[in-house]
Amino acid sequence: MSKIKLEYIWLDGNQPTQMMRSKTKIIDASKFSENPDDLPIWAFDGSSTMQAEGNSSDLLLKPVRVFLDPGRKSGYLVMCEVLNPDGSPHPTNGRATINDDDADFWFGFEQEYVLWDIEHHTPLGFPAQGYYPPPQGPYYCSVGSEYAVGRHMIEAHMDDCIAAGINIEGINAEVMKGQWEYQIFAKGAKEAGDQVWVARYLLERIGEQYGVRINLHPKPVQGDWNGSGMHANFSNTELREAGDRKIFEDVCERFAPQACIDAAIAVYGEDNEKRLTGLHETQSIDKFSYGLSDRGASIRIPIAVPENGWKGWLEDRRPASNADPYKVASVIIDIVKGHIQ
């Protein structure tokens with residue numbers, strides 16, 4: 001009888017930046033379904049993932065999304081939510097906080113990251129002797145071995161995402177040497193979060209093959225170098241059908257109250273203050289602004305919006321590269337819906 005390999009993936013209890021964990025379940029092919037509701041719930045030791053005490057440590061993995069595993073024969077990647085033994089969402093389960101059951105919210109996440117040399121503790125392509133490469137400028141969307149490093153890994157990741165069924169929309173070298181970006185778009189906040197997390201998993205697995213760490217710190221190199229973000233492009237029916245500049249400005253203004261700023265920054269990534277300084281295409285973490293085509297604003301109104309008759313989306317530029325897309329989407333939805341004021 002043929003077998004199916006299921007890689008159950010979940011988020012642990014490491015705070016404030018959760019890490020991915022995974023383990024493999026093997027089942028008979030006759031029992032497999034690509035519908036996550038038909039897959040078995042599986043227990044794990046929460047005391048080893050900082051999610052439970054040692055004397056009562058069983059927690060549950062509930063499959064919520066299934067992707068083809070491009071790296072395994074007869075394999076699938078299973079994104080899971082963490083549940084308590086009674087079936088309620090565990091406190092670390094950010095996906096369960098998303099208020100978007102009708103999938104009216106669409107998200108496009110721009111995931112930046114740095115390929116990290118784990119032997120020398122520098123970005124891939126940086127010299128190991130303590131001096132920096134030439135200043136940033138020639139690396140963004142660069143071509144050639146002097147400027148673009150690690151392209152073979154980035155191309156492999158792109159191909160894996162496509163093979164897995166992830167809606168990756170593009171890749172590019174970023175402003176700092178060794179820094180790259182990919183973009184994921186999905187209709188529905190939970191679906192977008194699922195795709196970003198599984199894309200991260202696939203990238204980490206490629207890093208394992210080459211002995212390279214995938215560094216998601218928002219400011220991996222101090223000094224005059226860009227940090228790494230995860231810009232969150234979002235829309236709902238209100239924005240997609242607006243037809244009026246005032247509607248876009250009204251939605252932006254909903255993010256301005258201090259309670260909304262605090263709620264957003266709380267989940268926009270650890271050490272984000274090192275990136276949101278007001279320099280390197282960021283607004284300061286203690287300020288809020290929005291503007292048309294303004295990459296130094298907290299929220300940017302893309303130039304394509306007025307060109308499309310004031311219909312489209314907004315870009316929150318504050319989330320850091322290490323933020324949880326589930327929690328980012330959740331707080332954006334709550335602010336737009338007026339649940340936080």
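Every read-out reported here was derived from the displayed coordinates using simple, explicitly stated rules and does not represent laboratory data. These numbers come from a predicted model, not from an experiment. Using ideal geometry, Cβ is built from the backbone for each residue, glycine included, and neighbour counts are taken over all protein chains shown.
Within the listed set A329, A192, A128, the Gaussian network model of the chain (springs between alpha-carbon atoms below 10 Å) gives the highest mean-square fluctuation for A128.
If you add up the charges near A173, with Lys and Arg at +1 and Asp and Glu at -1, over every other residue whose beta carbon is less than 13 angstrom from its beta carbon, what do you get? Numbers along the way, then the final one.
Working: positive: R151, K177; negative: E112, E146, E155, E174, E181.
Around A173, the surrounding residues sum to -3.
Note on the chain: GNM, Cα springs under 10 Å; of L11, L292, L216, the largest mean-square fluctuation is that of L292. By the count of neighbouring beta-carbon atoms within 10 Å, fewest first, H157, H90, H339 end up ordered H339, H90, H157. Placing +1 on the Cβ of each Lys and Arg and -1 on the Cβ of each Asp and Glu in the range 201-341, which of G223, G309, L292 has its Cα farthest towards the positive end of the resulting dipole? The one lying farthest along the dipole's positive direction is G223. Taken one residue at a time, the phi angles of the range 242-252 give Karplus couplings (6.51, -1.76, 1.60, θ = phi - 60°) of 4, x, 7, 4, 4, 5, 5, 5, 5, 5, 4 Hz. Gly and Pro are set to x.
Per DSSP H run of at least 4 residues, take -39500 (n - 2.57); add these up for the chain, divide by its residues and hand me the 222 nm value, nearest 500 deg cm²/dmol. Display every interim value, and only then the final one.
Numbers: 7 runs with 75 residues, N = 341.
The per-residue figure over the chain is -6500 deg cm²/dmol.
Excluding G296 itself, calculate the net charge of residues whose Cβ lies under 10 Å from the Cβ of G296, where each Lys or Arg counts +1 and each Asp or Glu counts -1. That sum, taken over residues with Cβ under 10 Å, equals +1. If a spin label sat at a point 7 angstrom from the Cα of H339 along the line to its beta carbon, the backbone N atoms of the range 96-114 nearer than 19 Å would be those of 96-108. For the residues S235, S330, S47, a GNM of the chain with alpha-carbon springs under 10 Å puts the largest fluctuation on S47.
Using the crude model of +1 on Lys and Arg Cβ and -1 on Asp and Glu Cβ, and no other charge, please compute the dipole size for the range 246-286 relative to its Cα centre, in debye to 20.
On the way: 4 positive and 9 negative charges, 16 e Å.
Taking the Cα centre of the range 246-286 as origin, the dipole is about 80 debye.
In the chain, the C-alpha radius of gyration followed by the widest Cα-Cα span (Dmax) gives 20.4, 62 angstrom.
Between the alpha-carbon centres of the range 206-251 and the range 59-89 there is a gap of 26 Å.
Order by neighbour count: K73, K287, K62, fewest other Cβ atoms within 10 Å first, most last.
Values: K73 7, K287 11, K62 23.
Final ranking by Cβ density, sparse to dense: K73, K287, K62.
Among beta bridges identified by DSSP and lying wholly in the chain, the antiparallel ones come to about 85 percent. The residues Y113, Y290, when put in order of fewest to most other Cβ atoms within 10 Å, stand as Y290, Y113.
Label reach from A103 (point 7 Å along Cα→C-beta): in the range 158-197, amide nitrogens under 11 Å belong to 186-192.
Between T17 and A43, the distance separating the two model label sites (each 7 Å from Cα on the Cα→Cβ line) works out to 3.3 nm. Taking K and R as +1 and D and E as -1, what net charge do the other residues with C-beta under 12 Å from the C-beta of V267 add up to? Within the 12 Å Cβ shell, the charges total -3. For the chain, the residue among G243, P89, S74 whose Cα projects farthest onto the positive side of the dipole built from Cβ charges is S74. With each label modelled as a point 7 angstrom along the Cα→C-beta vector, the K246-Y140 pair spans 3.6 nm.
From the Cα gyration tensor of the range 72-217, with a ≥ b ≥ c the square roots of its eigenvalues, which class applies: rounded if a/c is under 1.5, or else prolate if a/b is larger than b/c, or else oblate? Please list the in-between numbers first.
Details: a/c = 2.10, a/b = 1.90, b/c = 1.11.
Cα axes put the range 72-217 in the prolate bin.
Charged side chains reduced to their Cβ positions (Lys and Arg at +1, Asp and Glu at -1) give the range 63-151 a dipole of some 420 debye around its Cα centre. Dipole magnitude for the chain: computed about the Cα centre from +1 point charges on Lys and Arg Cβ and -1 point charges on Asp and Glu Cβ, it is near 420 debye.
Computed log10 I(q)/I(0) for the range 163-222 at 0.15, 0.29 Å⁻¹: -0.53, -1.30, from the Debye equation with unit scatterers placed on every C-alpha and solvent omitted. Full extension of the chain between Q222 and R295 gives 24.2 nm of extra length, using 0.36 nm per residue less the Cα-Cα distance.
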